[in-house]
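**Q** This is the structure I have questions about; it appears just below.
The values are calculated or read from the model by the stated rules, or taken from the named source; none is laboratory data. All values derive from a computational prediction rather than experimental measurement. Note that we place each Cβ from the backbone using ideal geometry, even for glycine, and neighbour counts take in every protein chain shown. For accessibility, only protein heavy atoms count, side chains too; no ligands or nucleic acids. Shrake-Rupley method; radii C 1.70, N 1.55, O 1.52, S 1.80 Å.
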Amino acid sequence: MQRVEVRNTYEILPEHIQSDKSILAIKSKYAFRLSLNSDGSFKFKVRLVACGYSQIYGKDFNETFSPTAKFRSFTTIMNLATIFNWEINGLDVENAFIETDIDIPINMYLPADVYRNPDGSRVKVKLKKSLYGLKQAGELWYQNLREKIISNGYKPLIHDTCVYIKRDLEKGHVTIVIC
């Protein structure tokens with residue numbers, strides 16, 4: 001929850017909008033998870049998620065498609081890495097979706113069991129960043145990632161636009177990124 005608030009994911013709407021029933025909002029909830037640390041201890045995690053099932057096509061979202069690299073591309077690159085003894089690194093972006101700006105204004109109710117207005121009504125917020133559970137979250141994240149990769153000099157392959165390559169001719173290095 002600290003990450004959601006630090007990244008300025010939403011803004012609380014003014015009082016007159018809070019009470020306006022004609023301004024619709026999607027629901028949200030907390031998703032709780034128990035994860036195992038490397039030392040064997042447990043860590044309790046909570047994530048604010050949007051209830052995407054209450055979104056309306058054309059109003060709350062337009063596109064949901066999030067591409068991924070073709071399996072054939074992945075296995076080919078892994079085989080080449082094995083043959084030529086290339087270094088392989090993996091990367092996981094924590095809270096990836098809340099790093100991405102939202103494309104359509106979306107109002108959302110915060111979970112009622114935690115947040116309430118002084119009059120007892122549910123708190124409405126305007127999302128500024130994407131959240132897990134939104135129908136377009138994966139597609140927005142991919143577009144954000146793609147922009148960053150291309151702006152750093154990588155070029156997408158013609159036959160698989162989720163595989164990016166960058167050549168450093170001076171050093172003779174090639175870097176391949178598979179998304």
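**Q** Take the alpha carbon gyration tensor of region 1-95, find the square roots of its eigenvalues, order them as a ≥ b ≥ c, and report rounded if a/c is under 1.5; if not, report prolate when a/b exceeds b/c, else oblate.
**A** Working: a/c = 3.25, a/b = 1.73, b/c = 1.88.
In terms of gyration-tensor shape, oblate.
**Q** Provide the FRET efficiency to the nearest 0.05 for the His173-Asp103 pair, computing r from the beta carbons and using R0 = 45 Å.
**A** Working: r = 35 Å, r/R0 = 0.78.
In this case the efficiency is close to 0.80.
**Q** List the equivalent ellipsoid semi-axes of the chain in whole Å, largest first, each obtained as the square root of 5λ for an eigenvalue λ of the Cα gyration tensor.
**A** Numbers: eigenvalues 306, 81, 37 Å².
Value: 39, 20, 14 Å, ordered largest first.
**Q** Right, here's the next one. Residues with beta-carbon under 15 Å from that of Ile106, excluding Ile106: net charge, scoring Lys, Arg +1 and Asp, Glu -1?
**A** Values: positive: Lys27, Lys59, Lys124, Lys126, Lys128, Lys129, Lys135; negative: Glu11, Asp60, Glu63, Asp101, Asp103, Glu139.
Once positives and negatives cancel, what remains is +1.
**Q** Taking 35 Å as R0, compute the FRET efficiency from the Cβ-Cβ separation of Thr64 and Ile150 and round it to 0.05. All intermediate terms of the calculation are to be shown ahead of the outcome.
**A** Values: r = 22 Å, r/R0 = 0.63.
Efficiency, rounded to the nearest 0.05: 0.95.
**Q** Provide the packing ranking of 132-139, 14-21, i.e. peptides ordered by the mean count of other C-beta atoms within 10 Å per residue, highest first.
**A** In decreasing order of mean packing, 132-139, 14-21 become 132-139, 14-21.
**Q** Please determine, in degrees from 0 to 90 and to the nearest 10, the orientation of helix 71-84 with respect to the longest principal axis defined by the Cα atoms of the chain, where the helix direction is its Cα long axis.
**A** Tilt of helix 71-84: around 40 degrees.
**Q** Efficiency by 1/(1 + (r/R0)^6): what FRET value for Phe32 and Asn8, r their Cβ-Cβ distance, R0 = 22 Å, to the nearest 0.05? Please report the intermediate quantities before stating the final value.
**A** On the way: r = 24 Å, r/R0 = 1.08.
Once rounded, the FRET efficiency stands at 0.40.
**Q** Scale the Cα Rg of region 112-169 by the rule-of-thumb value 2.2 N^0.38 Å and send over the ratio, two decimals.
**A** On the way: Rg = 19.5 Å, N = 58, 2.2 N^0.38 = 10.3 Å.
So region 112-169 has a normalised radius of gyration of 1.89.
**Q** Another question, then. Lysines near Lys124 by alpha-carbon distance under 23 Å, same-chain residues fewer than 8 away left out - which ones?
**A** Within the straight-line cut-off, Lys124 pairs with Lys21, Lys27, Lys29, Lys59, Lys135.
**Q** For helix 137-151, report the angle its Cα long axis makes with the longest principal axis of the Cα atoms of the chain; keep it between 0 and 90° and round to the nearest 10°.
**A** Approximately 40 degrees, to the nearest 10.
**Q** Let me ask another. Measure off, as a whole percent, the carbon and sulfur share of the 1.4 Å-probe accessible area of the chain, all protein chains present.
**A** Working: 6630 of 12240 Å².
C and S fraction of accessible area: 54 percent.
**Q** Return one whole number: the accessible area per residue of the chain in Å², for a 1.4 Å probe.
**A** Values: 12240 Å² over 179 residues.
Per-residue accessible area for the chain comes out at 68 Å².
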